[in-house]
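Below: the structure, in structure tokens.
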Amino acid sequence: MMNRGLVLVLVLVLRSLVPAQITVACAANVQFAMEEIKVAFEKSTGAQVKTIYGASGVISAQIKNGAPFDVFVSADTDFPDSLVVHGFADGKLGVYAYGTVVLWTAKNIDVTKGLEVLKSPDIGKIAIPDPKSAPYGRAAMQALRKAGLFDTVRDRLVFGESIAQTAQYIITQAVDIGFNAKGIVMSKVMKNKGHWIELDTVLCPKIAQAAVVCAYGHLNNPVESKRFLTFLESLAAKEILKKAGYDVP
């Protein structure tokens, strides 16, 4: 019979040979840049990363309900800050990028006038990410109110669960026009599909996007989770984010 001490040593040795793996839950707007960051992190550290994408509000609710996510990469600071306050994430709240809301169409519509184009009677359905769960949708809604256009367009708004679903509405022409993220329209997948314009920053300021280590990651994978958060602030990650259309700290 094998000695218990030897068994323990063998188990520890085998564990050391298996690359560490963390699960990173990310806002859908950053999915294309994040896949590049993931590859760069894995090459740099030898760790493995599983990425999950969705609306920030949906991911935040999943974390509060016990989802085993190590790191949360949000589209804003509000959702991760709430997780920290209520003990679902550790205390470091790191802003890794500033995102931009765009007005985007796959139809022959001149978007150079910005939000003013929405006054046209030729424009029917307007896609927008659900402001309850998607920070870009919340920002777009605030811009409509600031511009005095909300009452004009409210009956034409079509809500997408996330920015990714909203993008599908736009590129398939299920809607005439819609709000989305610069990080989506500049991606290799979406580049040159339709026409877009950044919203005026007076109406829609840049969105600070933050990341945190979740309580699960703090307890189960503290080293790799913190390394990933640190890597998000690295020059390599910042270059990827800038190329994807984000401003970086």
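Just so it is clear, none of the values below were taken in a lab; they were calculated from the coordinates. Bear in mind the structure is a predicted one, so any value in this text is a computation, not a measurement. For neighbour counting, all protein chains shown are included, and Cβ atoms are generated from backbone atoms with ideal geometry for every residue, glycine included.
Lysine pairs in region 101-198 with Cα distance under 13 Å, only those 8 or more apart or on different chains: how many are there?
4
Within the chain, which DSSP H helices have Cα atoms that stretch 24 Å or more along the helix axis and a mean Kyte-Doolittle hydropathy of at least 1.0?
The qualifying helices: there are none.
Long-range amide H contacts for ALA20: which residues qualify at under 5 Å (H placed 1.01 Å from N, peptide plane, sequence gap of 5 or more or a different chain)?
GLN48
When a footprinting reagent is the concern and you count Cβ atoms within 10 Å, what order do MET186, MET141, MET34 take, fewest first?
Least to most surrounded, the residues fall as MET186, MET141, MET34.
Give me the number: length gained by fully extending ASP78 to GLN142, i.e. 0.36 nm times residue separation minus the C-alpha to C-alpha distance, one decimal in nm.
Result for the pair: 21.5 nm of gain on full extension.
Name the long-range amide H neighbours of PHE88: under 5 Å, sequence gap of 5 or more, or other chain; modelled H, no Pro or chain starts.
Here the answer is none, since no amide H 5 or more places off falls under 5 Å of that of PHE88.
With unit charges on the beta carbon (Lys/Arg positive, Asp/Glu negative), name the residue among GLY217, LEU229, GLN142 whose Cα is farthest towards the positive pole of the charge dipole of region 139-245.
Looking along the dipole axis, the top candidate is LEU229.
Using square roots of five times the C-alpha gyration tensor eigenvalues, list the equivalent-ellipsoid semi-axes of region 101-198 in whole Å, biggest first.
18, 15, 12
Enter the per residue convex hull volume of the chain, computed from alpha-carbon coordinates, in Å³ rounded to the nearest integer.
Taking the convex hull of the Cα positions in the chain, it is 139 Å³ per residue.
About the Cα centre of region 101-198, what is the dipole size in debye to 20, counting +1 per Lys and Arg Cβ and -1 per Asp and Glu Cβ, all else neutral?
I would put it at about 220 debye.
Round to the nearest 0.05 the FRET efficiency obtained for LEU235 and ASP200 when R0 = 35 Å and r is the Cβ-Cβ distance.
Efficiency, from the Cβ-Cβ distance: 0.70.
When the helix-only estimate is applied to the chain (DSSP H runs of n ≥ 4, each -39,500 (n - 2.57), divided by the residue count), what is the mean residue ellipticity at 222 nm, nearest 500 deg cm²/dmol?
Calculated mean residue ellipticity at 222 nm is -11500 deg cm²/dmol.
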